[in-house]
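Notes follow once the structure below has been shown.
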């Protein structure tokens with residue numbers, strides 16, 4: 001099998017991973033923990049925003065992140081011919 | 001017998017009948033079926049099974065209550081026990097599926113071409129799984145004793161028989177399909193009361209939105225503002241802001257996330273699907289199914305806390321509703337009239353406070369506090385049992401496969417036949433159930449504490465070894481083994497010192513040691529530090545020792561590519 005192709009595939013995979021994990025970190029550790037006091041000054045209906053990210057928002061983002069990853073990888077697999085049926 | 005009890009019996013009996021029926025229908029005929037359900041589970045079924053496997057008695061019964069009393073700080077569990085799935089989906093599941101073996105020690109043993117590594121991994125898997133499973137059996141006993149008024153021990157035995165039946169008979173195949181049914185039971189049982197109460201309190205049928213909505217009494221006040229007000233009035237911390245230090249919150253959340261991703265009974269579920277892409281997808285579905293409960297729990301926490309304060313605070317003891325005395329007999333709620341005025345003072349200051357509330361009551365008694373119909377109350381018992389049994393079964397399978405596959409077949413007796421191994425797996429599952437049941441009946445006082453720490457142990461041992469095994473091709477066995485051993489020992493040491501006070505005169509000394517916590521991090525959060533140490537030791541040792549053999553590096557290249565194993569062996 002083509003080693004170059006493998007390397008390129010892996011690099012693109014790592015790029016996706018770093019972007020998605022950066023978002024993962026930002027919503028939970030960033031918005032939910034480190035910046036919680038600052039965000040709590042903003043309100044969304046009855047929720048203080050920092051509190052909402054810590055107990056609701058981050059979880060929604062986690063779910064979305066995985067499904068985005070699934071889509072990106074399915075496309076990538078197809079592009080490199082690594083998809084299997 | 002009361003209506004509630006009749007409903008409870010009927011619902012529990014129906015759900016148990018369903019599990020047994022599924023077990024008979026899905027018997028395992030080969031080791032592949034026993035360990036990984038034949039490897040042909042659909043992503044949807046695997047997602048549900050993973051969710052049920054994951055959500056234990058603690059998630060179902062205790063979590064909303066813990067959040068209820070911790071307020072903002074409860075976020076560590078919410079984020080920690082869901083965020084780990086992102087790591088699992090992105091960093092572990094697809095590659096381990098491609099690797100295509102039966103157990104986590106399988107991966108560690110082959111990737112690090114070493115029997116020692118495999119045995120160390122088996123040891124870690126057994127410690128983590130046994131501590132965890134004992135808590136589940138206890139949970140089964142508690143639900144039985146509170147709702148069906150049987151003795152706790154009888155409850156544990158009934159639970160053992162049921163699990164024994166479908167785990168030993170069906171292995172992973174039986175467990176997977178019962179877990180699908182158990183997920184449906186538990187999520188229904190959790191959501192129905194939550195929706196009822198949300199409508200009652202805010203008029204909003206979606207609990208996730210309801211707890212950020214205004215009260216339905218027409219005052220226009222937001223529920224959370226009201227709870228913040230009530231809390232500060234009684235001397236508690238404001239509900240929406242926390243009392244733990246930021247670094248500790250950070251460390252606990254990370255330890256729980258990484259621990260989740262490193263728990264063998266969760267990882268092994270991704271060996272059961274057909275293709276790599278199915279592993280990714282089922283991780284997403286699993287988190288979606290988990291998120292339904294995990295985003296509802298903080299809402300339940302707010303509803304229950306507000307309801308509790310409003311019902312009891314400053315009210316006459318004699319005028320308490322019926323549920324109060326019923327739960328008093330179980331010892332979960334207690335009133336001591338310190339100032340003799342016949343009223344219940346519920347405040348933060350311990351010398352004035354007259355009410356002690358066990359946090360489990362927030363879910364168990366919540367439907368009664370909110371005065372919901374009898375069938376809704378009856379659901380809680382069936383849901384709690386589904387949560388505890390599904391997790392127990394998943395853990396028992398890890399224990400049995402670690403023993404039969406990793407120890408007996410791969411280390412002690414490689415000549416064992418397929419049939420012999422299947423029997424070994426069944427017998428070790430049966431032995432594991434009995435040991436777990438023993439701990440359920442005679443719980444060592446530290447079970448609850450250790451369950452939380454199982455995550456720290458998983459974070460400190462497995463996670464770095466697996467990640468490095470996939471993402472760092474040159475990682476060798478010496479590095480990985482030293483990392484796992486040092487990480488595990490450091491975590492055990494910190495637990496013993498700061499959780500059990502073993503070096504300073506026992507449990508009483510623990511509170512006084514808080515000032516000595518390293519970097520101000522609690523034992524629950526220390527898994528984060530132990531994990532970092534594991535990474536550092538592994539990489540340091542790796543630098544001074546030889547590269548792994550060529551064929552192992554080839555394995556790593558190979559698991560990074562999702563498509564068929566056949567074409568990758570080319571050169």
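The values are calculated or read from the model by the stated rules, or taken from the named source; none is laboratory data. All values derive from a computational prediction rather than experimental measurement. Neighbour counts run over all protein chains shown; Cβ positions are idealised from the backbone, glycine included.
Mind checking whether some residue in region B:117-139 is farther than 25 Å from residue B:466 by Cα and assigned to a loop (DSSP other than H, G, I, E, B)? No, every residue in region B:117-139 fails to be farther than 25 Å from residue B:466 by Cα and assigned to a loop (DSSP other than H, G, I, E, B). Against the list (1) in contact with a helix residue (DSSP H, G or I) (Cβ under 7 Å, 6 or more places away or on another chain); (2) in a loop (DSSP other than H, G, I, E, B); (3) under 21 Å from residue B:296 (Cα atoms), the condition residue B:371 fails is (1).
Within region A:1-15, the set of residues being in a helix (DSSP H, G or I), at the interface with chain B (Cβ under 10 Å from one of its Cβ atoms) and surrounded by fewer than 17 Cβ atoms within 10 Å (Cβ to Cβ) comprises A:3, A:5, A:7, A:10, A:14.
Having 3 or more residues that are under 26 Å from residue B:273 (Cα atoms) and modelled with pLDDT of 90 or more is the bar; report the helices (runs of 4 or more DSSP H) wholly within region B:9-80 that clear it.
B:43-54
Counting only residues that are away from chain A (no Cβ under 11 Å) and part of a loop (DSSP other than H, G, I, E, B), which one in region B:221-239 is surrounded by the fewest Cβ atoms within 10 Å (Cβ to Cβ)?
B:235
Starting from residues that are at the interface with chain B (Cβ under 9 Å from one of its Cβ atoms) and free of Cβ contacts under 8 Å to residues at least 12 places away in the same chain, keep the ones in region A:18-38 and report whichever is surrounded by the most Cβ atoms within 10 Å (Cβ to Cβ). By that ranking, first place goes to A:29. Any residue in region B:496-516 that is more than 17 Å from residue B:252 (Cβ to Cβ), within 14 Å of chain A (Cβ to nearest Cβ), part of a helix (DSSP H, G or I) and touching a helix residue (DSSP H, G or I) at 6+ places or on another chain (Cβ under 7 Å)? There is no residue in region B:496-516 that is more than 17 Å from residue B:252 (Cβ to Cβ), within 14 Å of chain A (Cβ to nearest Cβ), part of a helix (DSSP H, G or I) and touching a helix residue (DSSP H, G or I) at 6+ places or on another chain (Cβ under 7 Å). When you look at residue B:487, is it assigned to a helix (DSSP H, G or I), crowded, with 20+ Cβ neighbours inside 10 Å and at pLDDT 90 or above, yes or no? Yes: the conditions hold for residue B:487.
It is to be established whether one or more residues within region A:72-82 are surrounded by 21 or more Cβ atoms within 10 Å (Cβ to Cβ), within 30 Å of residue B:64 (Cβ to Cβ) and at the interface with chain B (Cβ under 8 Å from one of its Cβ atoms). No, region A:72-82 contains no residue that is surrounded by 21 or more Cβ atoms within 10 Å (Cβ to Cβ), within 30 Å of residue B:64 (Cβ to Cβ) and at the interface with chain B (Cβ under 8 Å from one of its Cβ atoms).
Pairing each residue of region B:353-378 that is on the phi > 0 side of the Ramachandran plot with any residue that is at pLDDT 80 or above and buried (at least 21 other Cβ atoms within 10 Å of the Cβ), provided the two are 6+ apart or on different chains, yields no C-beta distance under 7 Å.
For region B:247-303: of the residues being part of a loop (DSSP other than H, G, I, E, B) and within 11 Å of chain A (Cβ to nearest Cβ), which is farthest from residue B:182 (Cα to Cα)? Of everything passing the filter in region B:247-303, B:275 is farthest from residue B:182 (Cα to Cα). Within region A:39-69, the set of residues being more than 8 Å from chain B (Cβ to nearest Cβ) and part of a helix (DSSP H, G or I) comprises A:39, A:49, A:50, A:53, A:57, A:61, A:64, A:68.
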